[in-house]
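**Q** Before anything else, here's the structure in question.
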Amino acid sequence: RYLPPRCRAGRRGAMGKRGGAGTVYTDKPAQEKADGTVLKSYQRMPTQLLLEWTQREKRPKPWYNSVRSWERGKFRQKVYLEDPKKKEASLEFSAANDSDSMFEAKEHAAMVALLKVQGNLPLERKFPEPYAELWKASVAAAADAAKFEPKARKAPTAAAAPAKAGVEGGGEAAGDTADSRTVMPLQAASHWSSKAEKANAERQRDDERRRERNRREAERENRRRANANAPILLSRRMRSQLYEALGLSESYDKSAVDDDMDMDEVELSAMARCVEEWGFTGDDTLRAIKASREDAPDATRKDKGALSDHLKKWLCLHVPEDELPEEFAAGRGQFEVRKASGGAPRGKPDKAKSGFESALCEVLGWVKQELAKCLDESDAETIFICVEGPLRQDFDNDEEAEEAGENAVAMLASGGEDAEALGPELLTRWQAAL
């Protein structure tokens, strides 16, 4: 009968490559390596498995180089796995453990590389003893280290290589010997496997430190702004009353001096700074020096910087307002308050409240709302307090009210371009409220 070619071929060679009747299959004999390891036909050394991995990844063959050992008379090697596309991504591995021979050092370096590139595979099935036990111990140690990462990685100072499997007669006896001793797991001498990985980790560490530093600076700045003292401007009449109430005019008149007053080197230096840098007149500075001789401590009078600051404080307090330099004029930081009320009225509206008070609350509410749109919460609160101070004063005439509006616009300008742009609209609303 007719048989298709497939069936005819099957009949002619039914056994295929298995051979015919009477064929006897024999396994290759076990090989003994230089370190005494017995290698069966199905087993592979770490260097062989690493070579197979480079072939699958289409990388050049790994090459090995000797490095200094931790202990004299021991050996260590480093394996290089080049990246054909990017040199910085080339891998290099060396064991932190010393080895008893150069052969073992080479195998240990290859095993450290396999722990990095194939650490999730059960390669202990392919390794002979004692490398199978060494692989399992190293994988378990790596898993524990991943859970509890140490803060500092130190290289061991003593050799930690496993003992030789010196028992002849196959893997069973070698396995029993390996189970009866403690196997020290292999660890990489370096935490980084390539220059690119190290550079990337250092860059991430620097970025984290920079973010943490910026976060702390932002917190300090927010606390400073939230607790900042907001300057408030007083009317001219109130400033004059305060000046007389504190007796500053009398102290100023009593400190009059002649032009031929003798001064030492420290006083001359402090006077030069007050006149040239801050713009005070020479006569006023002489008055301040005379007053400092009576009330300033000896330590202050012997230091140029301390004496200059002491004179500046005295001049800002005692010199009449019309004679102060522009930098220290009223409304530029001499008077401070801790807190001010909000723009909207609190509680139920009072029926007897004047129309101006209602209009003022509307203006302040508009300012607070617009500042919240263009500034941060802390900045908006600070600028609002500065604007609210001049507008909530008691005015004797229209001239003082207009001056208060101009001062409020000047406070807005200190908040930046966005806040400064609200100045014309604020003036318009303020004039309408008046």
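**Q** Need at least 3 residues that are free of Cβ contacts under 8 Å to residues at least 60 places away in the same chain and over 30 Å from N397 (Cα atoms) per element, so show me which helices (runs of 4 or more DSSP H) inside segment 203-322 make the cut, counting only ones lying wholly within it.
**A** 265-272, 282-295, 298-302, 304-318
**Q** Residue check, M263 against (1) hydrophobic (A, V, I, L, M, F, W, C); (2) at pLDDT 85 or above; (3) open to solvent by 30 Å² or more (accessible area, probe 1.4 Å), all met but one. Which one?
**A** For M263, the exception is condition (2).
**Q** Can Q393 be described as closer than 22 Å to G355 by Cα and open to solvent by 80 Å² or more (accessible area, probe 1.4 Å)?
**A** no
**Q** Please work out which residue is most open to solvent (accessible area, probe 1.4 Å), limiting yourself to segment 109-127 and to residues that are part of a loop (DSSP other than H, G, I, E, B) and out of contact with any helix residue (DSSP H, G or I) (no Cβ under 7 Å at 6 or more places or on another chain).
**A** The residue in question is N120.
**Q** Sort out which residues of segment 49-64 are open to solvent by less than 70 Å² (accessible area, probe 1.4 Å) and within 16 Å of F93 (Cα to Cα), and write them in order of number.
**A** Result: L49, L50, L51, W53, T54, R59, P60, P62, Y64.
**Q** If a residue has to be part of a helix (DSSP H, G or I), modelled with pLDDT of 85 or more and either within 18 Å of A137 (Cα to Cα) or open to solvent by 70 Å² or more (accessible area, probe 1.4 Å) (or both) to count, how many in segment 82-108 make the cut?
**A** Residues flagged as part of a helix (DSSP H, G or I), modelled with pLDDT of 85 or more and either within 18 Å of A137 (Cα to Cα) or open to solvent by 70 Å² or more (accessible area, probe 1.4 Å) (or both) within segment 82-108 amount to 6.
**Q** Working only within segment 25-67, note down all residues that are on the phi > 0 side of the Ramachandran plot and either in contact with a helix residue (DSSP H, G or I) (Cβ under 7 Å, 6 or more places away or on another chain) or small (G, A, S) (or both).
**A** Scanning segment 25-67 gives a single hit, G36.
The values are calculated or read from the model by the stated rules, or taken from the named source; none is laboratory data. Here the structure is a predicted model, which means the values were calculated and not measured. Counting neighbours? That spans all protein chains shown, and the Cβs are built from the backbone with ideal geometry, glycine included. Side chains included, ligands, DNA and RNA excluded: accessible areas come from the protein's heavy atoms. Shrake-Rupley method; radii C 1.70, N 1.55, O 1.52, S 1.80 Å.
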